[in-house]
Amino acid sequence: MPPSPTLAVATRAFAQPLNLALRRAAACGATGVQFELREELRPELLSESGRKQFLHRLAEQGLSLAPPFFPTRRALHDPEQIDQRVTAVGSAMSFAAELRARVMTIRLGPIPSEEAREARRVLVTILNDLARHGNHVGVTLAITPSGEPAEVYQKLLAQVKEGPIGIDFDPSAFVCSGLKVADAFRTLHTHVAHVQARDGVRSLDGMAAETAVGEGMVDWTELLALLFEAGFGGWVTAVRNQGSDRGADVERAIRYLKAIHL
């Protein structure tokens, strides 16, 4: 039987101290937690012994570390402070490795068209450098789509030769861009290293917004079936970036997904 995905919550949705966030994650039925590595969990706050204690604390709650997320303030290839940004991403990958993560997610920003040759060259060079670094530390970088068609990412990843770069599959991004989630997954499934449980809606006039899981246009029954058929055994992480009670929304997302398929 193919492996089944495992469920995690992004703890930043709780906006609570670590101990409380871990208890809530375990209580809602998640088996993993995703941390943000810029503000929520920083390397300078954890010594080597502190990291061991942190992993022990996770285990005490019956939790594992899902792929962490590293936010950047600009697109990865934006020329402003590009060297510092790429260095920060590489350092975050090294920190993720020390926490025994094998994947780290990042939002890439809009993909330069093939006609924008210099910007495209810069982005491909950066991704090759980070793939090489990932090989060294044992962490695969997974990029989150920004709404372009799946084929755009397929062509981009084909230009990365120094090691694997994965996809952090965000169904809401495709829904909000008016694209079909199932088609996007079928195109990218061999690259998918992590899946976000995030939902969204798009109106007839093109307005789009994130919603709680199950209240948007993502067909979760279909997507979870596709994950199973593809043999995806990685993490599906409930993420909520908007809303008045994000913590409750990610808790409900876990219960909703478990009721459907898992």
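Where a number appears in this text, it was derived from the coordinates with a stated rule and is not lab data. What you see is a predicted model, and the numbers here were worked out from it, not measured in a lab. Backbone-built Cβ (ideal geometry, glycine too); neighbour counts: all protein chains shown.
Quick notes
- Charges were assigned to the Cβ only: +1 to each Lys and Arg, -1 to each Asp and Glu. The resulting dipole of the stretch 28-136 about its Cα centre is roughly 200 debye.
- Subtracting the Cα-Cα distance of K52 and A97 from 0.36 nm times their residue separation leaves 14.9 nm of extension gain.
- A DSSP coil position with no more than 10 other Cβ atoms inside 10 Å describes the following trypsin sites (Lys or Arg not before Pro) in the stretch 1-102: R73.
- Residue exposure sequence - H194, H133, H77 - by fewest surrounding Cβ within 10 Å: H133, H77, H194
- The charge dipole of the chain, taken about the Cα centre with unit charges on the Cβ atoms of Lys, Arg (+1) and Asp, Glu (-1), comes to about 600 debye, rounded to the nearest 20.
- With a cut-off of 11 Å between beta carbons, the residues surrounding F14 carry a summed charge of +1, where Lys and Arg count +1 and Asp and Glu -1.
- Nearest-20 debye value, the stretch 31-77 charge dipole, Cβ charges on Lys, Arg, Asp, Glu: 140 debye
- Compared with the direct C-alpha span, the chain from R186 to L18 gains 56.8 nm at full extension, assuming 0.36 nm per residue.
- Mean residue ellipticity, 222 nm, helices only, the chain: the sum of -39500 (n - 2.57) across DSSP H runs of n ≥ 4, divided by residue count and rounded to 500, is -13000 deg cm²/dmol.
- When the stretch 6-155 is described by a simple charge dipole with +1 on each Lys and Arg Cβ and -1 on each Asp and Glu Cβ, the residue from A27, A96, I82 located farthest towards its positive end is A27.
- Sequence of W220, W235 once ranked by neighbouring C-beta atoms within 10 Å, starting from the fewest: W220, W235
- Loop-resident GluC sites (Glu not before Pro) (DSSP state other than H, G, I, E or B) in the stretch 99-157 with no more than 11 further Cβ atoms inside 10 Å of their Cβ: E114, E115.
- Sorted by Cβ density within 10 Å, fewest first, the residues M93, M104: M93, M104
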